[in-house]
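Below is one structure, written out as structure tokens; comments come after it.
The values are calculated or read from the model by the stated rules, or taken from the named source; none is laboratory data. All values derive from a computational prediction rather than experimental measurement. Neighbour counts run over all protein chains shown; Cβ positions are idealised from the backbone, glycine included.
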Amino acid sequence: MSEEKAKRSRWLRNTLVGVAVLLVLYALAGFLILPWWLQKTVPEQLDQTMGWQASVEDISANPFALTLEARGFEAVDGTDEPVVTFDRLMVNLSFFQLLTGVVGFQNIYLEAPDVRVDLLEDYSVNFARDWREANPPGDQPEPETAGPEESSEPLKLYFSQLAIDGGSIRFRDFTQDDVAEFHITPLDLSVSDLATWPRDEDDSRYSLVAAVDDQSIEWFGSLELAPLSSEGRVELSDIRYDTLAHFLAPVLPWQLRSGTVSVESRYRLFAGDTLSLDTAEGRLIANDVAMALSADSEEPALSLGDLEIAGVGFDLANREATVGMVSFDQLSVAAHRNAGGEIDWLASLPETKADSGAEQSQASTPFRWSIQGLELNNSRLQWRDDVPPTPANIELTELSASIGGLSHRLDEPVSYRLSSALASGGRLSANGQLTPRPFNFEAALSGSDIALAAFEPYIRMNANLEVVDGTLGFDGNLDLDDQTDPMTGTFSGTAEVAGLNLRLPDESQSLLSWESMRLAPIEFNVNPARLEIGTVVLAQPEANIVRLAEGQHNVQTIAKTNPDSGESASAPEPTDTGSDEQPPFIFRIGELQLQEAALAYTDRTLEPPFNTTFDALSGSISGISNVPPQQGQVNLQGQLAGVAPVEFTGTLGALGTEDTSNLKLTMQNLSLPVLSPYFGRYVGYAVDSGKMELNLDYSITGTQLDASNTVILDQMKLGQNVASDQAVNAPVKLGLALLTDRQGVIEVDLPVSGDLADPQFSVGQVVMRAFVNLLAKAAASPFTMLGSVADLAGFSSEELGHVAFEPGTTVMPEQEAAKLAALASALQERPELLLNVRGAVAPEADGLALLKERMAARGEETSGEAWEQARQAYLAGERQLPPEALGKLASQRALEVRRILEDTHGVAGEQLFLLDASRQAELTDNGQVIVPFTLDVR
């Protein structure tokens, strides 16, 4: 019994001794050997696997508490730069979890780690580079493959608490030309209750807080590793523009110059059989952003006060993205088009390369997206255009806009609203809805007090005009529809241009101005092109037309000159569409109302220059169109030169067609001295006094003009001579006197015809030329003209220029006496005319008659052979009359004409003049002696 006790006592003692020895050995291994081995092995392993030179100041372990602590770790890479350092690492294993087959870490604590991460040029990191260099592919042993019967169940790991305190990451980016470096500090990480196998208990929790200067990252939530799943929230606050610029440089063609961005979102991630990722409650805020198009740009092309995007969500599995309201505040965008027509924003975009690869297959589920709406407030848009000769600068200020819900359903209408002021003056607004596909646009548009001077550079691209003043206002509805090709659309509304003032460059006086022009209603159709305006009311328009010294009118200089041809661009000639075919562009104006219009005309080709005004012009033109058949009406009244009333009436055919327009113009009491410069040029005399009336009747078919111009000149008196190389070379005073009746009135009809499309054809010039030619013709053939303006009792103009006497007498036949009665009547109707009578004798006819009379008085035989002998002797000069006989007869004949005209027919004596007698008179067919007349003027 005692022996058995002794055996048990020895076994117990031996067991205790063994346990004690084991404990001593375990303690020696844990307290001494393990730290020594780790301190020796870790640097060697890092050298072999990574090529790093590592050192650890101290490693301690407590085998009984299952803790391991390392201090003062540092590893440098092949460039002798530190790659990983930390002050302290403490690991605490859970003994009881080891008994269940789980490697549990009660606590892992890393204090003040410092890690250098380099993103290399090939987008790999320095850790991978160091691994590849230390482990070339040929030196690595082939991995052993497990047999089918071997189990590959992973080791279970559990982390009760994992923490990084006061860590930092030094991140360097070598992928771009300028190496960027970011120092992330402090970096604090906390992970709790993390397992590598599926559990039904609560999820693991994690929290990450990091900062780069005043930029911060907060990431917290839950995490499971088997299967991988996570749910939480991430916040990036106050990310600076330079940080964003560096990472966005490969995809952003523009240069960020200021601003901060903050982003936050909730998320859920699950990586089981399928990958699932969705986010919610996302939000992006950007403040004080400025962006330039290039590094060379002095000023930013875009600046933004505030941007907020709320309600951002994304669902990867369902391929859906949602965005709440997108709000822009104080957005400013500047765009510039250079002289070559290149817009800076488009030019700054990288060139797109054609995709030469095969088309990628589309996912079976279409991507869905939606945006609750967009808002724009307190913004502006600047536009500079160097294409016009004078750069255009247009700026929209106080710009606000809103767009309703947008989504992938592009066939649904989207509402919008926009309003803005223009820096140059005026406001714009639009609201309505649009449908992206097929495109449909509906808008209620309005504008008020829009200063037209801001758009002058675009006007001057095609016209030599300066916009001194003027505003535009409009209000209407615009509808565009692209469901069919070509696009259709209409605009209906009203418009007004007020206070317009246009002038030619380098001119101080206005070319065209008006108080207001109102158009209502306006109906415009895009396709087929049609413009219809109900009423155009033009109030107090004024035009200033000047014929320049070179002969060209100032309005002809408006059109820009084509540099290739040296000619001004001109509109295409109108085409006759016929009655069955409509023109490509249709326009109609129901009525054009003129109120107190004025036209000033100056002709500087004359010396002195001619100028007059056509003012107080009021009335209407109705039925203006280019679609036949058309019968418009013209009814205008005004006054010329301040006193002469003018009336313009008639019918108007379709413009640009072969329809006929019949127009009539009447004018009264125009003071003729106004036209003195024209008379000086073409007649050679100024006009001292007189009045003019016009009655013009014009028929215009297409471009062909047939006109009747009745001109009445009352009491016209010519003034001083005017030197002019264009003046007619004829006694125009005589021509005027021939045309002037007893009351001092000249009435002539001057028909004109020609092609209005001929640039050389001028109605006014043709009429003036016709009148001057009439004067010249009258002066050259005065009796012909007298015959055309007076009743000559059946006598021809040739007969009126003389009377015939019986040879040797002052007796004229009865018919000749009647001729003097007709001539007297004409002289009485033309009191300015003077009749010159030249007494004449025919030496042979009159001499023989006087000889016979003389022989009879002496009782000599005057017949038979006696007369024949006397006749032959006279003709041979052997027998003569008294020297004064023929001269006396010639003078008596002139006196007889004067007596009959003055005493018998009452012609004023001051109109009758006797000229020196002629001894070489002509004979009529009947052998009568002709006494000729000539006409003159006072």
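With among the acidic types (D, E) and within 23 Å of P253 (Cα to Cα) as the only criterion, which of D315, D306, D329, D278 stands out? Even if it seems obvious, please write down each step before you answer.
Numbers: D315 fails: within 23 Å of P253 (Cα to Cα); D329 fails: within 23 Å of P253 (Cα to Cα); D278 fails: within 23 Å of P253 (Cα to Cα).
Of D315, D306, D329, D278, the one residue that is among the acidic types (D, E) and within 23 Å of P253 (Cα to Cα) is D306.
Selection of the range 290-345 for residues being assigned to a loop (DSSP other than H, G, I, E, B) and under 19 Å from S258 (Cα atoms) yields L293, S294, A295, D296, S297, E298, E299, P300, A301.
Considering only the range 26-49, I want to know if a residue exists there that is of a type in the set (K, R) and either at pLDDT below 90 or in a helix (DSSP H, G or I) (or both). Can you show your working first?
So in the range 26-49, the residues of a type in the set (K, R) come out as 40.
Those left that are additionally either at pLDDT below 90 or in a helix (DSSP H, G or I) (or both): 40.
Within the range 26-49, one or more residues are of a type in the set (K, R) and either at pLDDT below 90 or in a helix (DSSP H, G or I) (or both).
Being at positive phi, modelled with pLDDT of 95 or more and not aliphatic (A, V, I, L, M), is that true of even one residue in the range 437-450? There is at least one residue in the range 437-450 that is at positive phi, modelled with pLDDT of 95 or more and not aliphatic (A, V, I, L, M).
Regarding D238, is this residue outside the structural domain of L307 (by TED's automatic domain parsing), more than 41 Å from the chain's Cα centre (by Cα) and touching a residue at least 24 places away in the same chain (Cβ under 8 Å)?
On the way: outside the structural domain of L307 (by TED's automatic domain parsing): no; more than 41 Å from the chain's Cα centre (by Cα): yes; touching a residue at least 24 places away in the same chain (Cβ under 8 Å): yes.
So D238 does not fit the description; no.
Of all the criteria given as (1) hydroxyl-bearing (S, T, Y); (2) surrounded by fewer than 20 Cβ atoms within 10 Å (Cβ to Cβ); (3) over 39 Å from the mean Cα position of the chain (by Cα), the one not satisfied by Y682 is (2).
Exactly one residue out of L636, L652, L617, L640 is touching a Phe, Trp or Tyr at 6+ places or on another chain (Cβ under 7 Å), outside the structural domain of V732 (by TED's automatic domain parsing) and buried (at least 19 other Cβ atoms within 10 Å of the Cβ), and it is L640. Whenever a residue of the range 638-657 is more than 18 Å from L713 (Cα to Cα) and of a type in the set (S, T, N, Q), its partners that are buried (at least 20 other Cβ atoms within 10 Å of the Cβ) and modelled with pLDDT of 90 or more, lying with C-beta atoms within less than 6 angstrom and at least six residues away or across chains, give the pairs T649/V634.
Scanning the range 70-110 for residues that are loosely packed, with under 15 Cβ neighbours inside 10 Å, closer than 23 Å to S190 by Cα and not aliphatic (A, V, I, L, M) yields a total of 2. Please work out if R266 is without any contact (Cβ under 8 Å) to a residue 60 or more places away in the chain, farther than 23 Å from F314 by Cβ and within 57 Å of the chain's Cα centre (by Cα). Criteria not met by R266. Among the helices (runs of 4 or more DSSP H) confined to the range 795-880, the ones with at least 1 residues that are polar (S, T, N, Q) and either outside the structural domain of M716 (by TED's automatic domain parsing) or modelled with pLDDT of 85 or more (or both) are located at 814-829, 864-875.
On the given criteria, is N669 exposed (fewer than 15 other Cβ atoms within 10 Å of the Cβ), in contact with an Asp or Glu (Cβ under 8 Å, 6 or more places away or on another chain) and under 23 Å from P608 (Cα atoms)?
On the way: exposed (fewer than 15 other Cβ atoms within 10 Å of the Cβ): yes; in contact with an Asp or Glu (Cβ under 8 Å, 6 or more places away or on another chain): yes; under 23 Å from P608 (Cα atoms): yes.
Taking the combined requirement at face value, the residue satisfies it.
May I ask you to list the residues in the range 900-934 that are farther than 20 Å from L889 by Cβ and surrounded by fewer than 19 Cβ atoms within 10 Å (Cβ to Cβ)?
If we filter the range 900-934 for residues that are farther than 20 Å from L889 by Cβ, which is where we start, we get 902-911, 925, 934.
Matches in the range 900-934: E902, D903, T904, H905, G906, A908, G909, E910, D925, T934.
State whether one or more residues within the range 498-517 are part of a loop (DSSP other than H, G, I, E, B) and more than 27 Å from P609 (Cα to Cα). The answer is no, given that none of the residues of the range 498-517 is part of a loop (DSSP other than H, G, I, E, B) and more than 27 Å from P609 (Cα to Cα). Scanning for something hydrophobic (A, V, I, L, M, F, W, C), within 30 Å of T279 (Cα to Cα), surrounded by fewer than 16 Cβ atoms within 10 Å (Cβ to Cβ) and touching a residue at least 40 places away in the same chain (Cβ under 8 Å), does the range 325-346 turn up at least one residue? The answer is yes, given that some residue of the range 325-346 is hydrophobic (A, V, I, L, M, F, W, C), within 30 Å of T279 (Cα to Cα), surrounded by fewer than 16 Cβ atoms within 10 Å (Cβ to Cβ) and touching a residue at least 40 places away in the same chain (Cβ under 8 Å).
Any chance you could count how many residues in the range 520-542 are within 26 Å of Q639 (Cα to Cα), aliphatic (A, V, I, L, M) and out of contact with any Phe, Trp or Tyr (no Cβ under 9 Å at 6 or more places or on another chain)? If you could, list the steps in order and put the result at the bottom.
Filtering the range 520-542 down to residues within 26 Å of Q639 (Cα to Cα) leaves 535-542.
Next, from what is left, pick out any that are aliphatic (A, V, I, L, M): 536-539.
From what's left, out of contact with any Phe, Trp or Tyr (no Cβ under 9 Å at 6 or more places or on another chain): 536-537.
Qualifying residue count, the range 520-542: 2.
Can you confirm whether the range 199-216 contains a residue that is aromatic (F, W, Y), surrounded by 17 or more Cβ atoms within 10 Å (Cβ to Cβ), in the same structural domain as T274 (by TED's automatic domain parsing) and out of contact with any helix residue (DSSP H, G or I) (no Cβ under 6 Å at 6 or more places or on another chain)?
Step one: filter the range 199-216 for residues aromatic (F, W, Y), giving 206.
Next cut, surrounded by 17 or more Cβ atoms within 10 Å (Cβ to Cβ) only: 206.
Still in the running and in the same structural domain as T274 (by TED's automatic domain parsing): none.
The answer is no; no qualifying residue exists.
Looking at the range 688-695, is at least one residue of a type in the set (S, T, N, Q) and at pLDDT below 85?
Pass one, the range 688-695, residues of a type in the set (S, T, N, Q): 689, 695.
In the following step, the residues that additionally are at pLDDT below 85 were identified as none.
Looking for residues that are of a type in the set (S, T, N, Q) and at pLDDT below 85, one finds none in the range 688-695, hence no.
Take E647 and tell me if it is of a type outside the set (K, R) and within 30 Å of I589 (Cα to Cα). Considered against the rule, which asks whether it is of a type outside the set (K, R) and within 30 Å of I589 (Cα to Cα), E647 comes out as yes. Flag: T535 matches the condition of being part of a strand (DSSP E or B), in contact (Cβ under 8 Å) with a residue 40 or more places away in the chain and not small (G, A, S).
Applying the criterion of being touching a Ser or Thr at 6+ places or on another chain (Cβ under 7 Å) and of a type in the set (A, V, I, L, M) to the residues of the range 850-877, the residue that is surrounded by the fewest Cβ atoms within 10 Å (Cβ to Cβ) is A856.
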